[in-house]
Amino acid sequence: MNYIVLDLEWNQSSSGEEEVVKVLPFEIIEIGAIKLNSNKKMIDEFSELIKPQVYHEMHHITRKLIHLQMEQLEQGHVFTEVSEEFWNWCGEDYIFCTWGSLDLVELQRNLRYYGLNPMAEGPFRFLDVQKLFSIAYEDKKSRRTLEHAIDFLHIEKDIPFHRAFSDAYYTAKILAEIPCDVMKNYSFDVFHLPKDKDAEIQVIFDDYAKYISRGFADKIAAVADRKVMSTRCYLCHKNLRKKIRWFTPNGKHYYSVSYCDKHGYMKAKVRLRKSEDDRVYVVKTEKFISEEEVAFLRMKQEKSKTQQKEKKAIQKEYKKQEGIRQSK
């Protein structure tokens, strides 16, 4: 299997008033990619400018960042031609690797806009090299810039940053430094959600489990789903009793803690997200934690309860005052 290390540059509306902004907020103007073999050795490269079809004025931020002029882009080929060339170059057996996840989202938006075949019918695996760098060398949570990672790994800066090919080149250099055991921490692109229950994503990594749901009509339907809010041990598959019931500090993230006699305390975190077609889907992660972490979550739950009580009291007082004003 090969690794396709991808980077894109895109332009956007200078006014934000065009109707097309809703469906194509960013128009791809350059595709850069490096192909690595299974040993993470560079074996090929791809670099193409794309002639704009939607936004014919360069946004000032784009111009400042990538130092490209519209006159240069006009010499390129249209997206439909470049994308076909790119897919042929990718070959058959590969996995995408990107710095962060935005490039794959924008690539799929551009494919959809031009009525081209989607990259996949549902979620697919890819390697987020930005995340892998954090897992391998930092705290697993921080997300650094590409140049920071290059400096950290003492990789030579032999070409300028902020062009599609150069950023793909540097991302490939970083990927080559990621230990093989860390490479198992792949990510999922969910531009297209699982179509039904059978297609939902459930995967176990070294120290946590992840579940990605199908789409729901709204938040209420999502959190009412039994599978979404279930707390089973992902190692022995036993139903667990909750030590801390589900609570939410912000209405978007939900937490609970359950106890497994064999594996200990398991934290579950549910994140609600919006899909491209305006449905709600869930990303649930489960992880075994220490008693100290349980105590911290219990404090967080109590704080959340206090805040909700205060909010309800304020709302009640507001309604009371409104009633008094309307009766006068």
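Counting only heavy atoms of the protein chains, get the accessible area per residue of the stretch 78-165 (1.4 Å probe) and round it to a whole Å² value.
52 Å²
Mind checking the alpha-carbon convex hull of the chain and giving the volume per residue in Å³?
Spelled out: Cα convex hull of the chain, divided by residues, is 195 Å³.
Please report the carbon-and-sulfur percent of the accessible area for the stretch 224-325; probe 1.4 Å, protein heavy atoms only, DNA, RNA and ligands left out.
48 percent
Do you know the relative contact order of the chain, to the nearest whole percent, from alpha carbon pairs under 8 angstrom that are 6+ apart?
13 percent.
Taking a point 7 angstrom from the Cα of His60 along the C-beta vector, which residues in the stretch 4-42 have backbone N less than 13 Å away?
What the label zone holds, given the 13 Å backbone N cut-off, is 14-15.
Give the angle, between 0 and 90 degrees and rounded to the nearest 10, that separates the Cα long axis of helix 164-175 from the longest principal axis of the Cα atoms of the chain.
Between the helix axis and the principal axis of the chain, the angle is about 60 degrees.
Rounded to the nearest 20 Debye, what is the dipole magnitude of the chain about its Cα centre when Lys and Arg each give +1 and Asp and Glu each give -1 at the C-beta?
Dipole magnitude for the chain comes out near 3380 debye.
Using a simple spin-label model with points 7 Å from Cα along the Cα→Cβ vector, what separation in nm is obtained for Val283 and Ala221?
For Val283 paired with Ala221, the spin-label model returns 2.2 nm.
For helix 291-327, report the angle its Cα long axis makes with the longest principal axis of the Cα atoms of the chain; keep it between 0 and 90° and round to the nearest 10°.
Taking the Cα atoms of the chain, the angle to 291-327 is about 80 degrees.
Please compute one quarter of the surface area of the Cα convex hull for the stretch 172-230 and express it in square nanometres.
5.7 nm²
Using Cα pairs closer than 8 Å and at least 6 residues apart in sequence, work out the relative contact order for the stretch 19-176, in percent.
Here the relative contact order equals 26 percent.
Which peptide among 226-235, 114-123 comes first, and what is the full order, when sorted by highest mean count of other Cβ atoms within 10 Å?
Ranked from most to least packed, the peptides come out as 226-235, 114-123.
Rolling a 1.4 angstrom probe over the protein heavy atoms, how many square angstrom per residue are accessible across the stretch 175-328?
On a per-residue basis, 64 Å².
Between Arg245 and Glu74, with labels modelled 7 Å along Cα→Cβ, what's the label distance in nm to one decimal, could you check?
6.7 nm
What does the convex hull of the alpha-carbon atoms of the stretch 9-79 project to on average, in nm²?
Averaged projected hull area, Cα only: 5.9 nm².
In Å and whole numbers, how far do the C-alpha atoms of the stretch 202-328 stretch along each principal axis, longest first?
Principal-axis extents of the stretch 202-328 (Cα, largest first): 64, 39, 19 Å.
Roughly how many Å is it from the Cα centre of the stretch 1-39 to that of the stretch 45-79, as a whole number?
11 Å
The values are calculated or read from the model by the stated rules, or taken from the named source; none is laboratory data. Since the structure is predicted, the reported quantities are computational estimates derived from the model, not experimental observations. Neighbour counts are summed over all protein chains in view; Cβ atoms, including those assigned to glycine, are modelled from backbone coordinates with ideal geometry. All accessible areas refer to the heavy atoms of the entire protein, side chains included, with ligands and DNA or RNA removed. Shrake-Rupley method; radii C 1.70, N 1.55, O 1.52, S 1.80 Å.
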